[in-house]
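Asker: One structure is given below, represented as structure tokens, and several questions about it will come after.
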Amino acid sequence: MLDLDGTTLRWAESANGLVAACTAPGCTTVTDAVTGLVTPYAVTHDATYIYGVDQGNADAGADLWRVAKP
């Protein structure tokens, strides 16, 4: 799932347990917007926060999370 707020493009990387981000339209530098997740698979935003869903695994259940936009 991709999330674009007009300037920043974000996407969940389930294999790496993070949400990556880059500045559109070029996306030449990719940064880690959110780390420490188990299996993230959804990301969205509003004016203040980035929200997402982490599927978790057998040891860590699913979570909804929110972090402040940088």
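Asker: Can you tell me the length gained on complete extension of the stretch residue 59 to residue 15, counting 0.36 nm per residue apart and subtracting the Cα distance? Could the numbers behind the result be given before it?
Answerer: Details: separation 44, 0.36 × 44 = 15.84 nm, distance 1.64 nm.
Taking 0.36 nm per residue and subtracting the Cα distance, the gain is 14.2 nm.
Asker: Further question: Consider the candidate values [x] 38, 23, 18; [y] 33, 33, 20; [z] 50, 30, 11; state which one is Cα extents along the principal axes in Å computed from the structure displayed.
Answerer: Structure-derived value, by its label: [x].
Asker: Okay, next question. In nm, what is the difference between 0.36 nm times the number of residues separating residue 5 and residue 32 and their Cα-Cα distance? List each step's numbers first, then the result.
Answerer: Numbers: separation 27, 0.36 × 27 = 9.72 nm, distance 1.63 nm.
Working it through step by step, the gained length comes to 8.1 nm.
Asker: Can you list residues from other chains, or at least 5 along the same chain, whose modelled amide H is less than 5 Å from the amide H of residue 8?
Answerer: Counting only residues 5 or more places away or on other chains, the set is 24.
Asker: Could I ask something else about it? Report the full-extension gain for the segment residue 22 to residue 66: residue separation times 0.36 nm, less the Cα-Cα distance, to one decimal in nm.
Answerer: Between residue 22 and residue 66, full extension yields 14.0 nm more.
Read-outs: derived from the displayed coordinates by stated rules, not from any lab. Everything numeric here is computed off the predicted structure, so don't read it as measured data.
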